[in-house]
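Engineer: Sharing a structure below in structure tokens format, with a few things to ask.
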Amino acid sequence: MKERERLEDRIDQLAQEDICLAFSGGVDSSLLLKLASRAAAGNGNKVYAVTFDSRLHPSCDLEIAKRVAGELGGIHEIITVDELEQKEIRRNPVNRCYLCKRHLFMKLREFAGGAGDPPDSGRHQ
């Protein structure tokens, strides 16, 4: 089985429910969003394209992600994070990228756990 077919099969499985996707607006996450949106639409499910608003990433990335998510059929959500609030990241260790990604994906999991919450619930930042 080709790589793309395996990817599409896996996304079809995941699209049996709503999907929450970390979304930068770049090529990789855009491909995943396109495939996920197509699969979820066939099931009547939603795809949340979640972008992090961070001091460590340029603000122009948010605008690009918003535009691309809209074009590809995702529900664009923004989670504001401050990685530098973590003491271990401020120390700038060798594994800082791992620590930062772990922090971001923990925030994404929190979001995914409450994706059905009303917008005014205070969960979204």
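Engineer: Give the residues of the stretch 62-72 that are surrounded by 16 or more Cβ atoms within 10 Å (Cβ to Cβ) and at pLDDT below 95, sorted by residue number.
Structural biologist: LEU62, the sole residue that qualifies.
Engineer: List pairs: first in the stretch 46-71 and under 15 Å from LEU21 (Cα atoms), second of a type in the set (D, E, K, R) and assigned to a helix (DSSP H, G or I), Cβ under 8 Å, 6+ apart or cross-chain?
Structural biologist: Close Cβ pairs satisfying both conditions: THR51/ASP61; THR51/LYS66; PHE52/LYS107.
Engineer: How many residues does the stretch 13-22 hold that are more than 10 Å from the chain's Cα centre (by Cα) and free of Cβ contacts under 8 Å to residues at least 40 places away in the same chain?
Structural biologist: Count: 5.
Engineer: Would a scan of the stretch 23-45 turn up a residue that is in contact (Cβ under 8 Å) with a residue 60 or more places away in the chain and closer than 16 Å to LEU108 by Cβ?
Structural biologist: Looking for residues that are in contact (Cβ under 8 Å) with a residue 60 or more places away in the chain and closer than 16 Å to LEU108 by Cβ, one finds none in the stretch 23-45, hence no.
Engineer: Does the stretch 49-61 hold any residues that are touching a Gly at 6+ places or on another chain (Cβ under 8 Å) and surrounded by fewer than 21 Cβ atoms within 10 Å (Cβ to Cβ), and which are they?
Structural biologist: ASP61
Engineer: Also, I was wondering about something else. Could you tell me whether ARG10 is without any contact (Cβ under 8 Å) to a residue 40 or more places away in the chain and exposed (fewer than 12 other Cβ atoms within 10 Å of the Cβ)?
Structural biologist: no
Engineer: From the list HIS76, HIS57, which residue is at pLDDT below 95 and closer than 25 Å to ARG102 by Cβ?
Structural biologist: After ruling out the rest, the residue left standing is HIS57.
Residues are listed down the side, and each one gets a yes or a no for (1) of a type in the set (Gly, Ala, Ser); (2) over 18 Å from ALA22 (Cβ atoms); (3) modelled with pLDDT under 90:
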{"position": "LYS87", "(1), (2), (3)": "no, yes, no"}
{"position": "PRO93", "(1), (2), (3)": "no, yes, no"}
{"position": "CYS97", "(1), (2), (3)": "no, no, no"}
{"position": "CYS100", "(1), (2), (3)": "no, no, no"}
{"position": "HIS103", "(1), (2), (3)": "no, no, no"}
{"position": "MET106", "(1), (2), (3)": "no, no, no"}
{"position": "GLY114", "(1), (2), (3)": "yes, no, yes"}
{"position": "ASP120", "(1), (2), (3)": "no, yes, yes"}
{"position": "GLN125", "(1), (2), (3)": "no, no, yes"}
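The values are calculated or read from the model by the stated rules, or taken from the named source; none is laboratory data. If you're wondering where the values come from, they're calculated on a predicted model, not measured in any experiment. So basically every Cβ, Gly included, is an ideal-geometry build from the backbone, and we count neighbours across all protein chains shown.
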